[in-house]
Amino acid sequence: MEFRELADKYNTPYYLYDFEKYKKQFEKIQEAFRGRKSLIAYAIKSNSNLSVVKLFADMGAGADCVSIGEIHRALKVGIPKYKIIFSGVGKRDEEIREALEIGILFINLESKAEMGRVEKIAKELGVVARISVRVNPNIDPQTHPYISTGLHENKFGVDIESAKEIYIHSKNSPHLEPVGVHFHIGSQLTQLDPIREASEKIATLVKHLKVLDIDLKFFDVGGGLGVQYSDEVLIPPYNYAQAILSTLSGLDVTVVLEPGRYLTAEGGYFVTSVLYEKQNSGDKRFVIVDGAMNDLLRPSLYNAFHRIEFIVGEGKKEISEKVSKADIVGPVCESGDFFGKDRYIPTEIEHGDLVIVHTAGAYGFVMSSNYNSRSRPPELAFENGEYRTIRERESFETLIELEEKFI
């Protein structure tokens, strides 16, 4: 990647996405489930840039959406409405209404209360709402607690008995049509056993429902496949597919997959540059860069690890004997504003040297903000040997355009 040339052209900080890597990741999932009825519904929340969503749409992807805004993004780039799923634990009435009017594939219900709202709105519109139920299998995904979603202590989904009640009610309702089941036990999954165990539980539920003449067509396994931030041992897509498919004996269902991080994280880079460094008493070294927690929140929010690489001067300087521990921090007025702590980095760095934060293509820009009245960075893409802008750097005028008419 031509990080230096891009910094000279666009300034820093910036995001860069390798679309060639994105395509390869998509093809790996596609190949793993080849020969089985399946739908890859890209989880837009991981990276919602329109060019990114369109890249996967052009490869045949559907969309897993958690807001009406994400549904509009999917439609904007040409994803057919029959490939769009609406998930999320708290949907507003107006969002449900619009989703039903559009006629998406189905709405994932997260509770009995939500079922009641969907049923009421469908009745008002005179339509039948296609629904799925997010079932919480109460399985520990062995991941970070903030991205664990499959335990009863998490806010997502309903237990199996409650799910049965929702399905029975939906079957008997003139305004609801149960068409699928959904589970998603967490993100950044690196262990196969919890995935297989969850799939077995939900497959058993589907078989029990079939006895009650509730014949579901979609088996939505969510997403969550892990990526490599550090030294994680990852699940091969083929093994992932076989673990799920082995639980579906006797079921004629379309497997729905909702990959997000797996598709976009590893091909993304956050590029910032050194402003200066300082050393406090006790030999505590800080390298201060022009990017900040408002640009990339994961280290501050999750204490997440990202590999960090320095490009010194015109070339790359690898870690050598001349290294020392330092915190790489940003200019925001928060002690939590950092990208890495106690990292061994080159001792000889200067103003303008580049800092490359790897595996930043998922939950990077989408979680950014304008905290401290900082404009968000541009997003760039690499595809077919060329670099291009897919979102411009925000200006101060952009920042205040919704406010200035009121002063």
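The values are calculated or read from the model by the stated rules, or taken from the named source; none is laboratory data. As the structure is a computational prediction, the values presented were derived from the model and not from experiment. In this analysis, Cβ positions are derived from the backbone assuming ideal geometry, glycine residues included, and neighbour counts consider all displayed protein chains.
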Point to revise | Selection from region 334-350 of residues that are assigned to a strand (DSSP E or B), out of contact with any helix residue (DSSP H, G or I) (no Cβ under 9 Å at 6 or more places or on another chain) and in contact (Cβ under 8 Å) with a residue 40 or more places away in the chain | key: ILE345
Exercise for review: Could you tell me whether LYS91 is part of a loop (DSSP other than H, G, I, E, B) and either farther than 20 Å from GLY224 by Cα or without any contact (Cβ under 8 Å) to a residue 24 or more places away in the chain (or both)?
Suggested key: yes
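ILE85: assigned to a loop (DSSP other than H, G, I, E, B) and within 27 Å of VAL52 (Cβ to Cβ), yes or no? So that I can check it myself, show each step before the final result.
Details: assigned to a loop (DSSP other than H, G, I, E, B): no; within 27 Å of VAL52 (Cβ to Cβ): yes.
For ILE85, the condition - assigned to a loop (DSSP other than H, G, I, E, B) and within 27 Å of VAL52 (Cβ to Cβ) - is not met.
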Review point. Across region 256-290, which residue is surrounded by the most Cβ atoms within 10 Å (Cβ to Cβ) among those that are out of contact with any strand residue (DSSP E or B) (no Cβ under 7 Å at 6 or more places or on another chain) and of a type in the set (D, E, K, R)?
Key: ARG261
Check your understanding: Could you say whether any residue in region 308-316 is free of Cβ contacts under 8 Å to residues at least 24 places away in the same chain, small (Gly, Ala, Ser), outside any loop (DSSP other than H, G, I, E, B) and outside the structural domain of LYS45 (by TED's automatic domain parsing)?
Key -> yes
Check your understanding: What do you reckon, is GLU232 part of a loop (DSSP other than H, G, I, E, B), in contact (Cβ under 8 Å) with a residue 12 or more places away in the chain, surrounded by fewer than 19 Cβ atoms within 10 Å (Cβ to Cβ) and assigned by TED's automatic domain parsing to the domain that holds ASP252?
Key -> yes
Point to revise | Scope region 351-404; condition touching a residue at least 60 places away in the same chain (Cβ under 8 Å) and among the charged types (D, E, K, R); matching residues | key: ASP353, ARG374, ARG376, GLU379, GLU383, ARG391, ARG393
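Kindly establish whether VAL211 is of a type in the set (Val, Ile, Thr), farther than 23 Å from ILE29 by Cβ and not assigned by TED's automatic domain parsing to the domain that holds ILE166. Full working, then the answer.
Working: of a type in the set (Val, Ile, Thr): yes; farther than 23 Å from ILE29 by Cβ: yes; not assigned by TED's automatic domain parsing to the domain that holds ILE166: no.
The answer is no for VAL211.
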Study note, to complete from the structure: Counting only residues that are under 19 Å from ALA7 (Cα atoms) and out of contact with any Asp or Glu (no Cβ under 7 Å at 6 or more places or on another chain), region 278-293 contains a total of 3
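Does region 333-352 contain any residue that is farther than 26 Å from MET1 by Cα and touching a Lys or Arg at 6+ places or on another chain (Cβ under 6 Å)?
In the first step, residues of region 333-352 are kept if they are farther than 26 Å from MET1 by Cα; the result is 333-337, 342.
Going one step further and asking which of them are touching a Lys or Arg at 6+ places or on another chain (Cβ under 6 Å), we end up with 342.
Yes, region 333-352 contains a residue that is farther than 26 Å from MET1 by Cα and touching a Lys or Arg at 6+ places or on another chain (Cβ under 6 Å).
When you go through ILE71, ILE84, ILE40 one by one, which is the residue that is in contact (Cβ under 8 Å) with a residue 40 or more places away in the chain, of a type in the set (A, V, I, L, M) and in contact with a Cys (Cβ under 9 Å, 6 or more places away or on another chain)? Break it down into steps so the answer makes sense when it comes.
Working: ILE71 fails: in contact (Cβ under 8 Å) with a residue 40 or more places away in the chain; ILE40 fails: in contact with a Cys (Cβ under 9 Å, 6 or more places away or on another chain).
Of the residues listed, the single one that is in contact (Cβ under 8 Å) with a residue 40 or more places away in the chain, of a type in the set (A, V, I, L, M) and in contact with a Cys (Cβ under 9 Å, 6 or more places away or on another chain) is ILE84.
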